[in-house]
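Beneath this line is the structure, given in structure tokens, with notes to follow.
The values are calculated or read from the model by the stated rules, or taken from the named source; none is laboratory data. The model shown is predicted, which means the values in this text are computed figures rather than measured ones. Glycine gets a Cβ as well: all are built from the backbone with ideal geometry, and neighbour counts include every protein chain shown.
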Amino acid sequence: MSFSEKVVLITGGANGFGQATGARLAGEGAHVVLADIEEEAGRETADAIGAEFVHCDVRDPEASLAAVDFAVREFGGLDVAFLNAGISTGCGLVETFDLELYRRAMQVNLDGVVFGINAAVPAMRRRGGGSIVATASLAGLTAVPFDPIYAANKHGVVGLVRSAGPVYALESIRVNAICPGFADTRIIDGFKAGLESEGIPIIEVDHVVDGIVDLMASPDSGVCHFVQAGHEPQEFRFRNIPGPRDN
Ligand SMILES: NC(=O)c1ccc[n+]([C@@H]2O[C@H](COP(=O)([O-])OP(=O)(O)OC[C@H]3O[C@@H](n4cnc5c(N)ncnc54)[C@H](O)[C@@H]3O)[C@@H](O)[C@H]2O)c1
């Protein structure tokens, strides 16, 4: 798939994976719209890579609709939505439980993807198809004992995408999730030194972007690709559970 002239909306586009993916796709000739709550960083990035910026808090469904409208107004439609905004939780289950932090993490990491799909699909229908990639995490595929709330919302994204993928594929709209392990963005600042001292490899952002861009172009829908150090990004194969009448 060529990204030349494609219209791409990226939430969480001011930093990290969103910024790097925006730069890659703008370099390939795409019309990129970066959507983020960080206005200054977002505008600076957009100027640097030749993209547009729109302020968008993904916790608000109206803001997701407005970001899609902005892309459509600026560039005539929407082909790709990278629903990538996300945060670490800072919230445990008992001693460190905090209702506000809990709600915020679920809103950004899960509601944000729901609202993003809700806003993007009608615009993609008008285009005759499109590609949606949500950023989940390896935390959406495996247990994360040190951050169960993060695991819960990222597993939510995985379930959402696997369920929505086959439905919207009928209209040529693909819905997939990228599931990176620990990668070198500011989100791991608080525990990067610990990972390094444990000898856990940290993934280069460029390697994650390779996986994101491949998945955007994939004909599949409803799949989750993991990105891990030392492996090419690839589909995670879920086991089927036995049917109710299987012995
Ligand atoms: N870096 C990793 O190790 C890693 C691994 C797996 C998954 N992820 C996921 O990757 C995605 C991108 O994170 P990153 O690592 O690039 O971190 P990052 O902090 O560099 O980027 C996240 C972006 O999301 C934006 N954002 C936060 N709340 C928002 C909101 N309410 N509305 C709109 N934008 C908002 C931030 O301003 C920021 O620009 C997240 O969903 C994160 O959970 C990261």
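Here are a few things to note about the model shown:
Okay, residues lined up against (1) away from the ligand (no atom under 14 Å from the Cβ); (2) in contact (Cβ under 8 Å) with a residue 40 or more places away in the chain; (3) not aliphatic (A, V, I, L, M):
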{"position": "21", "(1), (2), (3)": "no, yes, yes"}
{"position": "41", "(1), (2), (3)": "no, no, no"}
{"position": "54", "(1), (2), (3)": "no, no, no"}
{"position": "60", "(1), (2), (3)": "no, yes, yes"}
{"position": "64", "(1), (2), (3)": "no, yes, yes"}
{"position": "72", "(1), (2), (3)": "yes, yes, no"}
{"position": "77", "(1), (2), (3)": "yes, yes, yes"}
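- Being closer than 10 Å to residue 84 by Cβ, buried (at least 18 other Cβ atoms within 10 Å of the Cβ) and touching a strand residue (DSSP E or B) at 6+ places or on another chain (Cβ under 7 Å) holds for only one residue in 30, 26, 46, 35, and it is 35.
- Any hit, region 112-119, residues being in a helix (DSSP H, G or I), in contact with a helix residue (DSSP H, G or I) (Cβ under 8 Å, 6 or more places away or on another chain) and surrounded by fewer than 17 Cβ atoms within 10 Å (Cβ to Cβ): yes
- Residue match in region 224-234 (condition: out of contact with any strand residue (DSSP E or B) (no Cβ under 7 Å at 6 or more places or on another chain), without any contact (Cβ under 8 Å) to a residue 24 or more places away in the chain and farther than 20 Å from residue 114 by Cβ): yes
Rundown of residues vs (1) within 13 Å of the chain's Cα centre (by Cα); (2) more than 11 Å from the ligand (Cβ to nearest atom), yes/no style:
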{"residue": "69", "(1), (2)": "no, yes"}
{"residue": "91", "(1), (2)": "no, yes"}
{"residue": "95", "(1), (2)": "no, yes"}
{"residue": "111", "(1), (2)": "yes, no"}
{"residue": "126", "(1), (2)": "no, yes"}
{"residue": "132", "(1), (2)": "yes, yes"}
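- All positions within region 157-187 that are in contact (Cβ under 8 Å) with a residue 60 or more places away in the chain and assigned to a helix (DSSP H, G or I): 158, 161, 162, 186, 187
- Checking each residue in region 2-21 for being part of a loop (DSSP other than H, G, I, E, B) and touching a strand residue (DSSP E or B) at 6+ places or on another chain (Cβ under 8 Å) picks out 3, 5, 6, 12, 13, 14, 15.
- Unique match (being not in a loop (DSSP other than H, G, I, E, B) and not aliphatic (A, V, I, L, M)) among 207, 231: 207
- Residues within region 1-24 that are touching a helix residue (DSSP H, G or I) at 6+ places or on another chain (Cβ under 7 Å), modelled with pLDDT of 95 or more and closer than 17 Å to residue 178 by Cβ, tallied: 16
- If you go through region 79-113 and keep only what is farther than 16 Å from residue 13 by Cα and in contact with a Leu (Cβ under 7 Å, 6 or more places away or on another chain), you end up with 89, 90, 91.
- Leading residue by the ranking (surrounded by the most Cβ atoms within 10 Å (Cβ to Cβ)) among those in region 146-194 that are of a type in the set (S, T, N, Q) and within 10 Å of the ligand (Cβ to nearest atom): 153
- Hey, residue 33 aliphatic (A, V, I, L, M), under 18 Å from the mean Cα position of the chain (by Cα) and within 9 Å of the ligand (Cβ to nearest atom) or not: no
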